[in-house]
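Working notes for the structure below.
Quick note: the coordinates plus some simple rules give every number you see, no bench work behind them. From a predicted model like this one, the values you see are computed outputs, not experimental measurements. Backbone-built Cβ (ideal geometry, glycine too); neighbour counts: all protein chains shown.
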Ligand code: NZQ
Ligand code: ZN
């Protein structure tokens, strides 16, 4: 039976070739006084995008300051720097030019500007967003996290390797400019990690034991098949615009809650397991998910067998022959083959990490702590289950 739900996806999407030229117009419509242009390491500067953004703001007489240097698995230290800069400069609109890391850093700055205290409190479960969180806009450069339309924000405190998320609708961006051409400069590993993450956002919502709906499943399965097809195309033809467009739109739809309407909120254990890996080993988020998902799937599938069978047949094209158990396992194996076909890892050694038993226990304890003890819908897992899944992946 479908569960009751609210669907709230207020972000205005401006999608297609050359749409980044509209950034000045979109920011002007926000009636702000001064903008922070926030970006990452070097890609947006090198491609000339930052210069184009500035020219577009100049053309509308919009004042701005800039802050680059956001790293993947973005740090709270950069967020503090952004908050100070925005206060000093009287910034009232944050423009993220980049991917999930830049957008999340922008969201955290926006939270922090309105919050009376240390913004890390939000990520540490000790505070909630204050009303008046500053508005954020996005020029997206990588299809992956879906942060451009999501209510989620993931930040890392590098000092102790804690990577934590905070969700609130108040942080959903006002607009997202999505020009698939901007993603053509991505290294293949980043493109495919992004595709993996996109799929995982919908898979987290698909493998549940509560409230699934036919219409939601149809959207989810169609999205997953589309990403599989186009991820393979991009592995061979990185300049294929149509494939980049399919992936970019899928990235937003996968994480704006559309593919979870009517269910129990999803599973999301794979994400929490990966966040610990990201915090401790600084791995690329999507690749980390690929490395842990097969072990999670083998651990839980019997507890959610109908969904795993449906997935195997409708998404992975497994023949409807044999026992449910055989079909489910074939579906997981087909996922591993797909990951390999796009250069993604399926375990820790392929990911390039080799945690010790003590580190695995530490990650499991931190993960359980982050989710309040237990988590999951395909199967509710505790700290010992999480440790076992990490151990299974550690080969
Ligand atoms: O820093 P630069 O030089 O820009 O390089 C980036 C970075 O190294 C590069 N890049 C981005 N666009 C590019 C490009 N390189 C060439 N050409 C371009 N057009 O790609 C690298 C990765 O960027 P990043 O922003 O980290 O990628 P992604 O979008 O995958 O974001 C990952 C972060 O988002 C979090 C992840 O945990 C991770 O911290 N997530 C956020 C979510 C959310 N807010 O809704 C949900 C996700 O599940 C995820 O947890
Ligand atoms: Zn993700």
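Write out, first by first residue and then by second, each pair whose Cβ atoms fall under 8 Å of each other, whose residues are 6+ apart or on separate chains, and whose first residue, in the stretch 62-86, is at positive phi while the second is in a loop (DSSP other than H, G, I, E, B).
69/40; 69/41; 73/282
Starting from the stretch 192-204, take each residue that is farther than 13 Å from residue 294 by Cβ and without any contact (Cβ under 8 Å) to a residue 24 or more places away in the chain and list its partners that are within 10 Å of ligand 1 (Cβ to nearest atom) and assigned to a helix (DSSP H, G or I), counting only C-beta distances under 6 angstrom and pairs at least six apart or across chains.
Between residues of the stretch 192-204 that are farther than 13 Å from residue 294 by Cβ and without any contact (Cβ under 8 Å) to a residue 24 or more places away in the chain and residues that are within 10 Å of ligand 1 (Cβ to nearest atom) and assigned to a helix (DSSP H, G or I), there is no close pair.
Scan the stretch 246-260 and give yes if some residue there is closer than 24 Å to residue 167 by Cβ and over 19 Å from the mean Cα position of the chain (by Cα), otherwise no.
no
Just the residues that are part of a helix (DSSP H, G or I) and either under 19 Å from residue 207 (Cβ atoms) or more than 23 Å from the chain's Cα centre (by Cα) (or both), please, taken from the stretch 366-391. Lay out the reasoning, then the answer.
Just the residues of the stretch 366-391 that are part of a helix (DSSP H, G or I), to begin with: 366-370, 383-391.
Scanning the stretch 366-391 gives 367, 383, 384, 385, 386, 387, 388, 389, 390, 391.
Of the residues that make up the stretch 34-57, is at least one out of contact with any helix residue (DSSP H, G or I) (no Cβ under 7 Å at 6 or more places or on another chain), surrounded by fewer than 21 Cβ atoms within 10 Å (Cβ to Cβ) and more than 19 Å from residue 140 (Cβ to Cβ)? Talk me through it step by step, then tell me what you get.
As a first pass, look at the stretch 34-57 and keep what is out of contact with any helix residue (DSSP H, G or I) (no Cβ under 7 Å at 6 or more places or on another chain): 41-42, 45-46, 48, 51, 54-55.
Filter once more, keeping what is surrounded by fewer than 21 Cβ atoms within 10 Å (Cβ to Cβ): 41-42, 45-46, 48, 51, 54-55.
Retained after the next criterion (residues that are more than 19 Å from residue 140 (Cβ to Cβ)): none.
For the stretch 34-57, residues out of contact with any helix residue (DSSP H, G or I) (no Cβ under 7 Å at 6 or more places or on another chain), surrounded by fewer than 21 Cβ atoms within 10 Å (Cβ to Cβ) and more than 19 Å from residue 140 (Cβ to Cβ): absent.
Somewhere in the stretch 344-356, is a residue more than 16 Å from ligand 2 (Cβ to nearest atom), touching a residue at least 40 places away in the same chain (Cβ under 8 Å), surrounded by 21 or more Cβ atoms within 10 Å (Cβ to Cβ) and more than 24 Å from residue 265 (Cβ to Cβ)? Please lay out each step first, then the result.
To start, the set of residues in the stretch 344-356 that are more than 16 Å from ligand 2 (Cβ to nearest atom) comprises 346-350, 352-356.
From the residues that got through so far, the ones that are touching a residue at least 40 places away in the same chain (Cβ under 8 Å) too are 346-350, 352-355.
With surrounded by 21 or more Cβ atoms within 10 Å (Cβ to Cβ) added as a condition, the list becomes 346, 348.
Add one more test, that the residue is more than 24 Å from residue 265 (Cβ to Cβ), and what stays is 346, 348.
Yes, that holds for at least one residue.
Looking only at the stretch 124-142, filter to residues that are more than 8 Å from ligand 1 (Cβ to nearest atom) and within 16 Å of the chain's Cα centre (by Cα); which one of those is farthest from residue 180 (Cα to Cα)?
So in the stretch 124-142, the residues more than 8 Å from ligand 1 (Cβ to nearest atom) come out as 124-140.
In the following step, the residues that additionally are within 16 Å of the chain's Cα centre (by Cα) were identified as 138-140.
Working: 138: 14, 139: 11, 140: 9 Å.
Across the stretch 124-142, the extreme among qualifying residues is 138.
Go through the stretch 177-205 residue by residue and tally those that are assigned to a helix (DSSP H, G or I), within 16 Å of the chain's Cα centre (by Cα) and more than 15 Å from residue 231 (Cα to Cα).
5
Determine which member of the set 266, 278 is surrounded by fewer than 24 Cβ atoms within 10 Å (Cβ to Cβ), within 14 Å of ligand 2 (Cβ to nearest atom) and under 14 Å from residue 367 (Cβ atoms). Steps first, answer last, please.
Details: 266 fails: under 14 Å from residue 367 (Cβ atoms).
Checking each option against the conditions leaves just 278.
Got at least one residue in the stretch 360-376 being under 21 Å from residue 225 (Cβ atoms) and either surrounded by fewer than 17 Cβ atoms within 10 Å (Cβ to Cβ) or free of Cβ contacts under 8 Å to residues at least 60 places away in the same chain (or both)?
No; the residues of the stretch 360-376 include none that is under 21 Å from residue 225 (Cβ atoms) and either surrounded by fewer than 17 Cβ atoms within 10 Å (Cβ to Cβ) or free of Cβ contacts under 8 Å to residues at least 60 places away in the same chain (or both).
Going by the structure shown, is residue 211 more than 14 Å from ligand 1 (Cβ to nearest atom), on the phi > 0 side of the Ramachandran plot and either under 13 Å from the mean Cα position of the chain (by Cα) or touching a residue at least 12 places away in the same chain (Cβ under 8 Å) (or both)?
Numbers: more than 14 Å from ligand 1 (Cβ to nearest atom): yes; on the phi > 0 side of the Ramachandran plot: yes; either under 13 Å from the mean Cα position of the chain (by Cα) or touching a residue at least 12 places away in the same chain (Cβ under 8 Å) (or both): yes.
When the stated conditions are applied, residue 211 passes them.
Looking at the stretch 286-295, is at least one residue in a loop (DSSP other than H, G, I, E, B), within 13 Å of ligand 2 (Cβ to nearest atom) and under 19 Å from residue 378 (Cβ atoms)?
Taking the stretch 286-295 and keeping what is in a loop (DSSP other than H, G, I, E, B), we get none.
Checking the stretch 286-295: not a single residue is in a loop (DSSP other than H, G, I, E, B), within 13 Å of ligand 2 (Cβ to nearest atom) and under 19 Å from residue 378 (Cβ atoms).
Residue 17 is checked against (1) assigned to a helix (DSSP H, G or I); (2) out of contact with any strand residue (DSSP E or B) (no Cβ under 6 Å at 6 or more places or on another chain); (3) over 12 Å from residue 175 (Cα atoms) and fails just one. What number does that condition carry?
Among (1) assigned to a helix (DSSP H, G or I); (2) out of contact with any strand residue (DSSP E or B) (no Cβ under 6 Å at 6 or more places or on another chain); (3) over 12 Å from residue 175 (Cα atoms), the lone unmet condition for residue 17 is (1).
Run down 186, 95, 122 and say which single residue is in contact (Cβ under 8 Å) with a residue 12 or more places away in the chain, surrounded by fewer than 24 Cβ atoms within 10 Å (Cβ to Cβ) and over 19 Å from residue 257 (Cα atoms).
Numbers: 95 fails: surrounded by fewer than 24 Cβ atoms within 10 Å (Cβ to Cβ); 122 fails: surrounded by fewer than 24 Cβ atoms within 10 Å (Cβ to Cβ).
None of the other options fit; the residue is 186.
Run residue 238 past the list (1) within 15 Å of ligand 1 (Cβ to nearest atom); (2) without any contact (Cβ under 8 Å) to a residue 60 or more places away in the chain; (3) not in a loop (DSSP other than H, G, I, E, B) and report the number of the one that doesn't hold.
(3)
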